[in-house]
Amino acid sequence: MTQTTTTTSVIDQYLTLFDHLPHDPAALEEILALFAPDATVQLFDGQEPLVGIPALSDLYGGFAKGMVDSKHVWTTTVLDDGRIELRWLHASRRVDERLVALSGIEYVTLNEDGLITKLDNRMVTPDSRL
């Protein structure tokens, strides 16, 4: 496995834009521009994959409406098969003032244009070891 900046920069953009969703209305269109038109996304265990930009707009638009603050930290690794493994932690404050912390591992496939064609997430328990 190799760490690369150029291949993973779209992932950096994706998570940075996600964190801007609550404060920047333009972030939704910018995040959608990172996906191929027929991209599939599965963020939650047991969820049917969402396909296409309209479905992704509803998904990420819902996140934007539900959060007041959002912050990710992450690492990326390019796997031997070309997919990107993204390990992330996320903390957010929701519009109802709840504080939420989540973590997961995503596997991301990019096309030749550098657009996300497939994003599969698996939620994991955060590792509290230092």
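The values are calculated or read from the model by the stated rules, or taken from the named source; none is laboratory data. All of these numbers come straight from a predicted model, not from anything done at the bench. Cβ: placed from backbone, ideal geometry, glycine included. Neighbour counts: every protein chain shown. Calculation scope for accessible area: heavy atoms of the full protein, side chains included, ligands and nucleic acids excluded. Shrake-Rupley method; radii C 1.70, N 1.55, O 1.52, S 1.80 Å.
Restricting the stretch 70-90 to residues that are open to solvent by 50 Å² or more (accessible area, probe 1.4 Å) and in a strand (DSSP E or B), the residue that is nearest to Pro25 (Cα to Cα) is Lys71. Checked against the criterion of being in contact (Cβ under 8 Å) with a residue 12 or more places away in the chain and outside any strand (DSSP E or B), the candidates Glu30, Glu112, Glu106 yield just one match: Glu30.
Here is a yes/no grid of residues against (1) modelled with pLDDT of 95 or more; (2) crowded, with 17+ Cβ neighbours inside 10 Å:
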| position | (1), (2) |
| --- | --- |
| Phe35 | yes, yes |
| Asp38 | yes, no |
| Gly46 | no, no |
| Gly52 | yes, no |
| Leu56 | yes, yes |
| Gly61 | yes, no |
| Val68 | yes, no |
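Close contacts from the stretch 70-82, counting a first residue that is closer than 16 Å to Leu21 by Cα and a second that is among the charged types (D, E, K, R), with Cβ to Cβ under 9 Å and a gap of 6+ residues or different chains, come to Ser70/Asp19; Ser70/Arg93; Lys71/Asp19; His72/Asp19. Considered as a group, the residues in the stretch 110-122 that are open to solvent by less than 100 Å² (accessible area, probe 1.4 Å) and within 12 Å of the chain's Cα centre (by Cα) include one that is farthest from Ala36 (Cα to Cα), and that residue is Asn121.
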